[in-house]
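Shown next, in structure tokens, is the structure this report addresses.
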């Protein structure tokens, strides 16, 4: 579904991504792990079109989207849940969700809204509440729900567990697993490497803008370098 080849990106003259090779197949959950500053968020931003690329290709379902606008990528089915939630605080929960479907017909939007409320009952109970008054975990649910309103074929998740209590992290990962079981393709960036690799079909390890390891989730969990650097073992 997604194939990234030879991808490079820079911040000014400073290289941020160097020769990235990555793929996500249909219905697959792929985890991307690495230390802070490794380039994980930059890679997601490059895939979604908000970070310029200096070289390489981003192909989605056989189509080259390397120079496509972010809006065009959303239309093709690539949708990102940003780091830090980035909900619209003064707007209600329901208005935030509806913004995720702004390009879709009203009937389709209504059906998606009910599906999101079924997945996240907390949001249904607070549909009229300002998003800025929600807890961190509820805001993460809202950010995920807003992305799902766009009916993604590939969902990019950037640090969904950041800043959440362990009980809430378990709930977020349960939702991610449910999406995977529904055959949605997912690319998950996550500092909680153990939790991410435990549910991933495959994974990649990124260091200072370069891919240094790749394998199945189980293989990377068992790799001594990964265990030492990212799992604290």
Positions within the range 206-233 being in contact with a helix residue (DSSP H, G or I) (Cβ under 6 Å, 6 or more places away or on another chain) and within 23 Å of residue 16 (Cα to Cα), in sequence order
206, 226, 230
Right, residue 84: over 30 Å from residue 18 (Cβ atoms) and under 17 Å from the mean Cα position of the chain (by Cα) or not?
no
Starting from the range 97-122, take each residue that is over 17 Å from residue 155 (Cβ atoms) and list its partners that are at pLDDT below 95 and outside any helix (DSSP H, G or I), counting only C-beta distances under 8 angstrom and pairs at least six apart or across chains.
108/101; 108/151; 109/101; 113/101
Using the structure shown, decide if residue 199 is in the same structural domain as residue 25 (by TED's automatic domain parsing) and within 24 Å of residue 101 (Cα to Cα).
no
Subset of the range 178-199, residues within 14 Å of residue 29 (Cα to Cα) and either under 13 Å from the mean Cα position of the chain (by Cα) or part of a strand (DSSP E or B) (or both), comes to 179, 180, 184, 185, 186, 187, 188, 189, 190, 196
Failed condition for residue 142, given (1) over 21 Å from residue 10 (Cβ atoms); (2) in contact (Cβ under 8 Å) with a residue 12 or more places away in the chain; (3) assigned to a loop (DSSP other than H, G, I, E, B):
(3)
Residue 129: modelled with pLDDT of 95 or more and outside the structural domain of residue 26 (by TED's automatic domain parsing), yes or no?
yes
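The values are calculated or read from the model by the stated rules, or taken from the named source; none is laboratory data. Since this is a predicted model, take the numbers as computed values, not measurements. So basically every Cβ, Gly included, is an ideal-geometry build from the backbone, and we count neighbours across all protein chains shown.
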